Each structure stands twice: as structure tokens, then as C-alpha cells.
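The values are calculated or read from the model by the stated rules, or taken from the named source; none is laboratory data. Keep in mind it's a predicted model, so treat the numbers as computed, not measured. Note that we place each Cβ from the backbone using ideal geometry, even for glycine, and neighbour counts take in every protein chain shown.
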Amino acid sequence: MLQQIQTLDFQILDWIRQNLRNPFLDTVMPALTALGNAGILWIVIAVVLLFIKSRRRCGVTMAAGLIADLLIGLVLLKNLIGRARPCWINPSVPLLISSPTDYSFPSGHTLASFTAAVILLRHDRRLGIPALILAALIAFSRLYLYVHFPSDVLAGLLLGILIGVTADVIGRIILSRYPAAGGMAERE
């Protein structure tokens, strides 16, 4: 079964390389992927939200979700599963970015992006919809750049949604009991 998944993963990556690669996307995709490096964009957004009283609960929830991503996705799952990246298995494909040094499963860029975007969506659709679009573009960039398998990205997306919803539900419960911690002015 795992071999069949990896075969399908390579078929999808090969299709992307053969049908979508072009000079414009070769420039755009590394920039998009850089937005997701180490979750910095999403961390900065969470920190900014912490300083806006009406958005503090969202910022606290995003920070908690991103910490959960780090622990569950990057520390636990990546090391437990230890999946090689497609660019390691097939080094003949020229990369547009430096080859990552950590394991492939799940995609950390996708995980952080979807966790943050789902939390933003649950707090404010006007922020959440563009965040989801950006999350999807960052996730796709990982495939385009040949540094993740589609199943890595799918796992990051699903886990990100799960962590985002869970962090938001738990955050709402906790912060409703301690409103001073999350900013009393927020209306959701």
C-alpha cells in the first residue's frame, strides 16, 4: 500500500513538472514557499493579533495552534515516520530552492499554513478566506518545487485543519472562562 501511494505521489509530481513548469512559476513558487518558511509569516500575524485587543483571542489561539504544529508535526511525526523527500529519492530533478534537511512527512509549511488559516477563518471570514488561498498556494509550492510528496501535503492540510479547529474550540472554552487573557472586546 505504501509503495502504491509513493508511486502515485511520483506520478503527480512528474505531471506537475511536465505540464506546469514555466519561467513565471519558477520565479513565483520559491517566493511563495519562502512565506511559509519556519511558519514565520503565521507567527508574525499571530503576534500582531496579540497586540490588537479586539483580535487577541485569535492571536492566542493561533500561537497555541502553531506550537501544537511544532510539537505534533515537526518534532513527533517527521522524526517518527522519517520519510525521505522526493528530491532525495530522485536527485536528478533540478531544484529551485535548497534541498531541505529534515524529513518529508507531513509538510510543515502546509501544516502551519492551514492551522493558521483555519483559525483566522473561524474568527473572521474576511481574513480567513485570503489566508486559506495563501495556505493552498504555499502547499502547492511544495509540490511544484519537488520537496514534498502530495501525500505529505495532504497530511499537512488535514492535520492543519484538525489542529486549527481543535485549538480554536479549546481556546474559546478556556478564554471564555478567563476573558482577560484573550481580550474581552473580541466579538466572534
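Any residue at all in region 121-144 that's touching a helix residue (DSSP H, G or I) at 6+ places or on another chain (Cβ under 9 Å), part of a loop (DSSP other than H, G, I, E, B) and of a type in the set (Val, Ile, Thr)?
No - not one qualifying residue is present in region 121-144.
Counting only residues that are of a type in the set (Val, Ile, Thr) and either under 12 Å from Thr115 (Cβ atoms) or surrounded by 18 or more Cβ atoms within 10 Å (Cβ to Cβ) (or both), how many does region 24-44 have? Qualifying residue count for the region: 2. Whenever a residue of region 72-87 is over 26 Å from Arg17 (Cα atoms), its partners that are of a type in the set (Asp, Glu), lying with C-beta atoms within less than 8 angstrom and at least six residues away or across chains, give the pairs Leu74/Asp102. Just one of the listed residues (Ser107, Ser98) is loosely packed, with under 13 Cβ neighbours inside 10 Å and either farther than 22 Å from Leu35 by Cα or without any contact (Cβ under 8 Å) to a residue 60 or more places away in the chain (or both), and it is Ser98. Among the numbered conditions (1) crowded, with 23+ Cβ neighbours inside 10 Å; (2) among the small types (Gly, Ala, Ser); (3) at pLDDT 95 or above, the only one that Gly171 does not meet is (3). Apart from one condition, Asp152 fits all of (1) farther than 25 Å from Pro30 by Cα; (2) in contact with a Ser or Thr (Cβ under 7 Å, 6 or more places away or on another chain); the exception is (1).
Looking across Arg57, Arg17, Arg21, one residue alone is farther than 24 Å from Gly108 by Cβ and surrounded by 13 or more Cβ atoms within 10 Å (Cβ to Cβ). It is Arg57. Over 19 Å from Val118 (Cβ atoms), polar (S, T, N, Q) and touching a residue at least 60 places away in the same chain (Cβ under 8 Å) - does that describe any residue in region 8-17? Within region 8-17, not a single residue is over 19 Å from Val118 (Cβ atoms), polar (S, T, N, Q) and touching a residue at least 60 places away in the same chain (Cβ under 8 Å). With respect to the conditions (1) under 22 Å from Cys87 (Cβ atoms); (2) in a helix (DSSP H, G or I), Arg55 falls short on a single one, namely (1). The residues of region 39-65 that are among the small types (Gly, Ala, Ser) and without any contact (Cβ under 8 Å) to a residue 60 or more places away in the chain, listed by number, are Gly59, Ala63. Is it the case that some residue within region 22-31 is under 19 Å from Val147 (Cβ atoms) and either outside any helix (DSSP H, G or I) or under 14 Å from the mean Cα position of the chain (by Cα) (or both)? For region 22-31, residues under 19 Å from Val147 (Cβ atoms) and either outside any helix (DSSP H, G or I) or under 14 Å from the mean Cα position of the chain (by Cα) (or both): present. For region 74-89, the condition holds for at least one residue, the condition being that it is in a loop (DSSP other than H, G, I, E, B) and on the phi > 0 side of the Ramachandran plot.
Which members of region 135-153 meet the condition of being buried (at least 19 other Cβ atoms within 10 Å of the Cβ) and under 25 Å from Val60 (Cα atoms)? Hits for region 135-153 are Ala135, Ile138, Ala139.
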